[in-house]
Amino acid sequence: MTKIMMCFPGGRHKALTLSYDDGRFADRRLVDILNRHGLKGTFHINSGLLGTPDRVGAEEVRTLYEGHEVSAHTLTHPTIARCPNEQIVHEVMEDRRILEGIVGYTVRGMSYPNGSYSRRIKEMLPGLGIEYARVVASSGHFGMPDDFLEWQPTCHHNRDLMKHAETFMSLHKKQYLYLMNVWGHSYEFDHDQNWELMEQFCAYVGGKPEIWYCTNIELVDYTKAFEGLKFAAALDFVYNPSALSVWLDVDGQIVEVKGGEQIKL
């Protein structure tokens with residue numbers, strides 16, 4: 001029988017994404033570093049706090065984060081596991097509504113404010129249009145998320161970032177998919193006076209043809225596109241009902257299945 005495995009775009013087996021919270025002024029410097037090295041990040045923003053001290057204003061959001069992803073972080077950053085359902089609905093939906101009005105696309109992800117979440121909240125999120133939610137507890141690993149509504153990053157940037165980067169770069173077994181997801185707050189670089197750490201990291205991992213640099217939602221969308229492929233029972237053809245191309249390893253050969261197409265395998 002044909003052996004088929006999911007690949008990242010272009011047939012890659014490594015992906016890298018970043019996830020930064022709160023929308024602080026220091027995001028300006030962080031975005032500049034990412035842009036210079038070709039990395040992509042997701043920026044989780046409390047729209048109800050835009051323009052308050054040390055936070056970017058609404059008028060800056062669309063241009064500052066262009067090429068990256070703007071994601072939800074709730075309206076006002078409460079510890080939501082302590083909140084009633086009605087407040088959670090308001091915090092998430094108002095944050096989405098305001099951010100979408102600014103950036104002009106649907107906001108479908110978030111990070112949990114104060115790292116606060118519960119099974120009750122996870123069960124609510126799909127009905128609020130949220131398709132992934134990042135937690136703060138790091139895995140230290142490079143596997144794909146098992147639960148996108150409890151998405152563990154690989155590491156915080158202050159937790160052995162370069163050691164993790166070196167491990168990530170050394171991974172070579174193509175029977176696996178490797179994902180590195182770094183999280184944090186950009187203002188921490190100011191506080192810790194260690195911007196050189198992010199400069200070093202981005203220079204080290206950037207510009208590598210074997211890595212797919214993606215936002216959080218791009219990874220989610222691509223994973224769902226793969227999971228939505230319609231394979232024949234004999235695995236001799238496949239139909240892709242999504243709008244995204246999906247790449248497969250078919251008996252060692254890289255095959256692109258374009259959106260809306262059916263191909264022989």
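Can you tell me which residue within the range 162-206, out of those that are hydroxyl-bearing (S, T, Y) and not in a loop (DSSP other than H, G, I, E, B), is farthest from V56 (Cα to Cα)?
Residue satisfying both the conditions and the ranking: S170.
Between residues in the range 178-201 that are more than 12 Å from C155 (Cβ to Cβ) and residues that are hydroxyl-bearing (S, T, Y), which pairs lie under 7 Å by C-beta distance while being six or more apart or on different chains?
H185/Y20; S186/Y20
Having 3 or more residues that are within 18 Å of the chain's Cα centre (by Cα) and of a type in the set (A, V, I, L, M, F, W, C) is the bar; report the strands (runs of 3 or more DSSP E) wholly within the range 1-83 that clear it.
Counting at least 3 such residues, we get 14-21.
For L50, indicate whether it is surrounded by 19 or more Cβ atoms within 10 Å (Cβ to Cβ) and among the aliphatic types (A, V, I, L, M).
no
Taking V89 and the conditions (1) surrounded by fewer than 21 Cβ atoms within 10 Å (Cβ to Cβ); (2) in contact (Cβ under 8 Å) with a residue 40 or more places away in the chain; (3) farther than 28 Å from F8 by Cα; (4) touching a Leu at 6+ places or on another chain (Cβ under 9 Å), which numbered condition does it fall short on, given that it satisfies the others?
It is condition (2) that V89 fails.
When both residues are 6+ apart or on different chains and their Cβ atoms are under 8 Å apart, which pairs have a first residue that lies in the range 245-265 and is farther than 13 Å from A232 by Cβ and without any contact (Cβ under 8 Å) to a residue 40 or more places away in the chain, and a second that is loosely packed, with under 13 Cβ neighbours inside 10 Å and of a type in the set (A, V, I, L, M, F, W, C)?
G259/A243; G260/A243
I'm trying to understand the selection: among the residues of the range 106-155, which are free of Cβ contacts under 8 Å to residues at least 40 places away in the same chain, of a type in the set (V, I, T) and crowded, with 21+ Cβ neighbours inside 10 Å?
Those that are free of Cβ contacts under 8 Å to residues at least 40 places away in the same chain, of a type in the set (V, I, T) and crowded, with 21+ Cβ neighbours inside 10 Å: V107, T154.
Kindly indicate which of A26, A15, A58 is at pLDDT 95 or above and either in contact with a Gly (Cβ under 8 Å, 6 or more places away or on another chain) or aromatic (F, W, Y) (or both). I'd like the intermediate steps shown before the answer.
Working: A26 fails: either in contact with a Gly (Cβ under 8 Å, 6 or more places away or on another chain) or aromatic (F, W, Y) (or both); A15 fails: either in contact with a Gly (Cβ under 8 Å, 6 or more places away or on another chain) or aromatic (F, W, Y) (or both).
The match here is A58.
Assigned to a helix (DSSP H, G or I) and over 27 Å from I121 (Cα atoms): does that describe R96?
So R96 does not fit the description; no.
Those residues that are without any contact (Cβ under 8 Å) to a residue 40 or more places away in the chain and under 21 Å from Q200 (Cα atoms), I need them from the range 33-73; list them, please.
N35, F43
Of these, E218, E261, E227, which one is of a type outside the set (A, V, I, L, M, F, W, C) and more than 23 Å from E131 (Cβ to Cβ)? Break it down into steps so the answer makes sense when it comes.
On the way: E218 fails: more than 23 Å from E131 (Cβ to Cβ); E227 fails: more than 23 Å from E131 (Cβ to Cβ).
Selected residue: E261, the only one of E218, E261, E227 that is of a type outside the set (A, V, I, L, M, F, W, C) and more than 23 Å from E131 (Cβ to Cβ).
Show the residue pairs that are 6+ apart or on different chains and have beta-carbon atoms under 6 Å apart, the first residue being within the range 10-32 and more than 27 Å from E210 (Cα to Cα) and basic (K, R), the second being buried (at least 21 other Cβ atoms within 10 Å of the Cβ) and modelled with pLDDT of 95 or more.
Once the first residue is more than 27 Å from E210 (Cα to Cα) and basic (K, R) and sits in the range 10-32, its partners that are buried (at least 21 other Cβ atoms within 10 Å of the Cβ) and modelled with pLDDT of 95 or more give R24/S186.
Are there any pairs with C-beta distances below 8 angstrom linking a residue in the range 223-241 that is more than 21 Å from G143 (Cβ to Cβ) and at pLDDT 95 or above to a residue that is part of a loop (DSSP other than H, G, I, E, B) and of a type in the set (V, I, T), with the two at least 6 apart or on different chains, and if so which?
L235/T2; D236/T2
The values are calculated or read from the model by the stated rules, or taken from the named source; none is laboratory data. It should be emphasised that the depicted structure is a prediction, and the values quoted were computed from it without experimental measurement. Positions of Cβ are generated from backbone atoms using ideal geometry, with glycine treated the same way; all protein chains shown enter the neighbour counts.
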